[in-house]
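To start, the structure under review is shown below, and the notes come after it.
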């Protein structure tokens, strides 16, 4: 159950709220808030309930690879706002966000523990994933964290990697699945569909001229599925609406310089301009391709919609 309030504090600007008593803290990047993350967060919430403590997530902004190896930093599965919203939905009382800088990256593991976990948060327990590393050059291991916990008076424990079928669930694997267009598999590892969010902005009206009006999404999400057509859901105003989404450059009409996201909502004729919405990707239907004329494209869109309707009949939204 999500607490009535979810508080966010930022290091080093903010003080820890005085009412955060006995903080039970999950530490990690939490990109995607996938099944593995969810197991850690569930454990933290349970332990907080048992101890009468405060369930928290400690995370970092920007994503540490952006600072220590920007040329190899991956596109993220979530925006910072999406991540915080997902952490709130997990039932936590709050999040502590460490501004990750080159100075923070240079801290040795004990300095991080003493400065952030002990002096700032006054943690009672710290929970991490089985492959957690921290401190300068990722030199801090779980064994070191546990030893430092004994030294500074907090408990440290870990959750072993979560497996889904034969795969270890990780943000890296999920990013690869999204990049390959395997959205159904990505959703299985996430424990929820892959979602991008943004604001519906005016387009050129071409979809409406083809009798399939679309909502054009301006999004801040970094990782888009590859160009193609997908069975999706549009989430907004507390409603889940079945949809078909095209990601791409509209090659039939000469192609665009930028990749666009256009969603046709099935059986919907309302107004969406200016609204903040989420598009959840379920299954890839086909590649994007150029058609010889508008009539051929219209016929293919009709086939895509029929395909999506068949899928939606077989799943529960």
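Taken together, the values in this text are just the output of simple stated rules run on the coordinates, not laboratory data. For clarity, every value in this text was computed on a predicted model and none was experimentally measured. All Cβ positions, even for glycine, are placed from backbone atoms using ideal geometry, and neighbour counts span all protein chains on display.
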Say each of residue 311 and residue 199 gets a label point 7 Å from the Cα, pointing the same way as Cα to Cβ; how far apart are those two points in nm?
2.9
Value of [θ]222 nm, deg cm²/dmol, for the chain, DSSP H segments ≥ 4, -39500 (n - 2.57) each, nearest 500:
-8500 deg cm²/dmol
Choose one answer from 185, 262, 50: the residue with the largest mean-square fluctuation in a GNM of the chain with alpha-carbon springs under 10 Å.
50
Taking r as the C-beta separation of residue 269 and residue 122 and R0 as 51 Å, the FRET efficiency to the nearest 0.05 is 0.40
Using only the alpha-carbon atoms, how far is helix 80-89 inclined from the longest principal axis of the chain? Give it as 0 to 90 degrees, nearest 10.
70
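Which of 233, 45 has the fewest other C-beta atoms within 10 Å, and how do the rest follow up to the most? Intermediate values should be presented prior to the final figure.
On the way: 233 23, 45 19.
Taking fewest neighbouring Cβ atoms as first place, the list is 45, 233.
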Taking only Cα atoms and a 10 Å spring cutoff, compute GNM fluctuations for the chain and point out the largest among 100, 281, 167.
167
Report the dimensions of the chain along its three principal axes from the alpha-carbon atoms, largest first, rounded to Å.
72, 40, 39
Quick one: check the C-alpha center-to-center distance for the stretch 270-317 versus the stretch 122-192, whole angstrom.
35
What do the square roots of 5 times the Cα gyration tensor eigenvalues come to for the stretch 194-314, in whole Å, largest first, as semi-axes of the equivalent ellipsoid?
20, 17, 14
Taking Cα atoms only, helix 142-152 is inclined relative to the longest principal axis of the chain by an angle, in degrees rounded to 10, of 40
What residue among 268, 11, 112 shows peak mean-square fluctuation when the chain is described by a Gaussian network model with Cα springs under 10 Å?
268
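When a footprinting reagent is the concern and you count Cβ atoms within 10 Å, what order do 54, 5, 115 take, fewest first?
Numbers: 54 24, 5 8, 115 16.
So the ranking, lowest neighbour count to highest, is 5, 115, 54.
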Expressed to two decimals, the stretch 7-164 has a Cα Rg over Rh, using the Kirkwood radius, of 0.92
Once R0 is set to 45 Å, what does the formula 1/(1 + (r/R0)^6) return for the Cβ-Cβ distance between residue 295 and residue 66, expressed as a FRET efficiency to the nearest 0.05?
0.45
On a 0 to 90 degree scale, rounded to 10, what angle separates helix 35-51 from the longest Cα axis of the chain?
40
For 31, 14, which order do you get if you count the other beta carbons within 10 Å of each Cβ and list the fewest first?
14, 31
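What translational D, rounded to a whole number of µm²/s, comes out for the stretch 4-77 from Stokes-Einstein when the hydrodynamic radius is the Kirkwood one over Cα pairs, at 10 °C and 1.306 mPa s? Walk me through the numbers on the way to the answer.
Working: Rh = 14.0 Å.
Translational D for this selection: 114 µm²/s.
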